[in-house]
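Please treat every number below as a calculation from the coordinates, not as lab data. Just so you know, these numbers come straight off a predicted model, no measurement behind them. All Cβ positions, glycine included, derive from the backbone under ideal geometry; neighbour counts span all protein chains shown.
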Amino acid sequence: MLKAKQFFLFGILLVCAVFLVSCTGTGQSGKTGEKAATSLQIKGSDTMVNLSQAWAEEFMQKNKGAGIAVTGGGSGTGIAALINGTAQMANSSREIKPQEKEDLKTKIGKDVKEYIVAQDGITFIVNKENPVKELTVGQLADIYTGKVDNWRELGGPDEKIVVLAREASSGTHVFVKEHVMKNENYRPDALLQTSSATIMKEVTVSKGAIGYVGMGYSSDQTRVIAVKKDAQSPAVVPSEATINNNSYPVSRPLYIFTAGDPVGVSKDFIVFVMSPEGQAIVKQMEFVPVK
Amino acid sequence: MKLSGGNPLAGTEMDLSPAKRSAGQNPRWRQPRALLEKVVETGLFLAALTGVVTIILIFLFLFKEAVPLLLAPGPTASLTAKNWYPVSTPPVFGLWPLIAGSLLVTFGAIAISVPLGVGAAVYLAMVAKPTVREFVKPAIEILAGVPSVVLGFFGIAVLAPLIQDIFGLPTGLTALTGAVTLAFMAIPTITSISEDAIAAVPGKYLEAALSLGATKWQSIVTVVVPAALSGVSAAIMLGIGRAIGETMTVLMVTGNAGVIPDSFLVPVRTMTATIAAEMGEVARGSLHYHALFVVGAVLFIMTFMINLIADLISRRLKKGA
């Protein structure tokens, strides 16, 4: 009798458990539903999600009542949402295509307005004892895809290359993959590190190591590689200046697109983003400010 | 269950009338006391149930989030692929390198920590003078309290360069580095619990063995330690559990390269490190998100099996003894 009762109790708890678990699911979908009701929708580049979120949070602190929802999905998704009118702003890590411009014109009836809000650039570093001072973008790609695996092949000593990269969840990981490696996969034995700091640490102690870190992360413990666009181009050392004049090849501008001139909250937001305060956030998030 | 079965209260449900009669015959205070007893009993039952419910909840949640990937048409096959490329198009979620990485690091940690841990336990329980023991045992137990991130720092700053130098490797972030740091984490658990088990073996076992002419070493190895084996194996299993589930240390010192390792001297990537590194920024509901839950489910099943094996071993040993 008691056994049956306990079994019954257990059953009730099991039902509760299932209910609770299913609740978490509905809870999430409820949240996304709420977001749709807020006043400014920003969608697009995954690289810019965190940056955009940081801007939005700071902006909402200053302007109580303004609601900004930031979602990722990729640059293309963001531009598509702008064209469909489901987002008022698109984050993009690439230029808008002529076809997309035309679509926007026909669907919304307005010309695209583009703002370069930040620059994305990374620094390649090697061990101080490594004599290699400059590499072409192609050579970097060969290193990261695994086509080259000894420094001898790049004019260095006979030393195995230890390839350090960021975790797959990092925007930089994806940036290097898309921008340097032409979307080929990383060599499977690349060491994926969780932060720029651990990459620095490993490059400092391992003679054959190469890694990439955010701007402003280099120190005198490591050597910064000057990058050449191709074999004929001059080698350029990354800095805010060389990134902003587009001479450093491993960088890209980050855009915000709007349909026509922004008005209301959108306008305030763009003004905030371009303000010294907004650009300070850019630096904080390991991007390069444009002003 | 046995407790409640033997409880006289059981009668209240079976048949109300005799209970009523006995209540009438006995002094008045019996009834509130019976009520109190019932409340306490239910409370304890619920307390005991919390653990079970929690594990069921975790289990359900884990598999609920893992299933969508298994049902998705394309990438399911890629679970058996050789590489872990979560952000390539199409994504490849090969689990083998992660499973191999976890197993290799855990196996290495066991190979180092079991002899050291059990050896230390035997020394402390059977050989050491009481004064030495009073000093050494707490010292080993303090090691258990060192946060894993601190051990990770130690691994990166001291152990990795050392291993790199000794073996002349291109990088010191290897499976061996992970195994050694994990061994440091498992040793206190193994030593402390094994020592308790060995010390609990009745003194007459040792005396009997000695009086039969066995040397102290023979008595310890052939009589005392086997008598404590169920406790020692439980200690080892707890140590393994600690090692396989550890995240922070391995994330910091194993290098996180998703290749199927061919030796202890190459970087590896474990399941726990993968989840910790990628869960933070993965888009909720994406295939990558579900893939991480598949990894979690596999890890859950593995630790479940270890616990099950530990339970079976200790049961068999108890039966044998």
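Here are some notes:
- Cα gyration tensor shape for region A:123-249, rounded if a/c is under 1.5, else prolate or oblate: rounded
- Net length gained if the chain between A:Glu153 and A:Ser39 were fully extended (0.36 nm per residue, minus Cα distance): 35.5 nm
- Dipole-positive endmost among A:Thr86, A:Ala226, A:Val290 within the protein assembly as shown (Cβ charges, Cα centre): A:Thr86
- Between the residues B:Pro97, B:Ala208, B:Ala291, the greatest Cα displacement towards the positive end of the dipole of chain B, with unit charges on the Cβ of Lys, Arg, Asp and Glu, is found for B:Ala208.
- Each Cα pair under 8 Å and six or more residues apart adds its sequence gap; the mean of these over the residue count of chain B is a relative contact order of 22 percent.
- Unit charges on C-beta of K, R, D, E only; dipole of region A:123-249, Debye: 60
- By the Cα gyration tensor, chain A has an equivalent ellipsoid whose semi-axes, rounded to whole angstrom, run 40, 31, 17 from largest to smallest.
- Here the relative contact order of region B:136-193, from alpha carbon pairs under 8 Å that lie six or more residues apart, stands at 47 percent.
- The ellipsoid equivalent to the alpha-carbon distribution of the protein assembly as shown has semi-axes of 55, 38, 19 angstrom, derived from the gyration tensor eigenvalues as √(5λ) and listed largest first.
- Distance from region B:143-185 to region B:48-113 (C-alpha centre basis), Å: 25
- Seen from A:Ile270, the other residues with C-beta closer than 12 Å to its C-beta sum to a net charge of -1, counting Lys and Arg as +1 and Asp and Glu as -1.
- Charge dipole (the protein assembly as shown, unit charges on Cβ, about Cα centre) - positive-most of A:Ile199, A:Val117, B:Ala72: B:Ala72
- Residue of A:Thr71, A:Thr242, A:Thr136 that the Gaussian network model of chain A assigns the largest fluctuation, springs spanning Cα pairs under 10 Å: A:Thr242
- MRE, 222 nm, helices only [DSSP H, n ≥ 4, -39500 (n - 2.57), over the protein assembly as shown, to nearest 500]: -18000 deg cm²/dmol
- Antiparallel %, DSSP beta bridges [both residues in the protein assembly as shown], to 5: 60
- Listed residue pairs exceeding 18 Å between alpha carbons, taken from A:Lys101/A:Lys177; A:Lys182/A:Lys229; A:Lys62/A:Lys267; A:Lys133/A:Lys283; A:Lys113/A:Lys267: A:Lys101/A:Lys177; A:Lys133/A:Lys283
- Calculated FRET value between B:Val132 and A:Gln284, using beta carbons and R₀ = 45 Å, to 0.05: 0.25
- Proximal aspartates and glutamates to A:Lys291, defined as alpha-carbon separation beneath 15 angstrom and excluding residues fewer than eight positions away on the same chain: A:Asp120, A:Glu240, A:Glu277
- √(5λ) per eigenvalue of the Cα gyration tensor, region B:84-320, largest first, Å: 39, 20, 14
- For region A:123-249, the antiparallel share of DSSP beta bridges with both residues in that region comes to about 55%.
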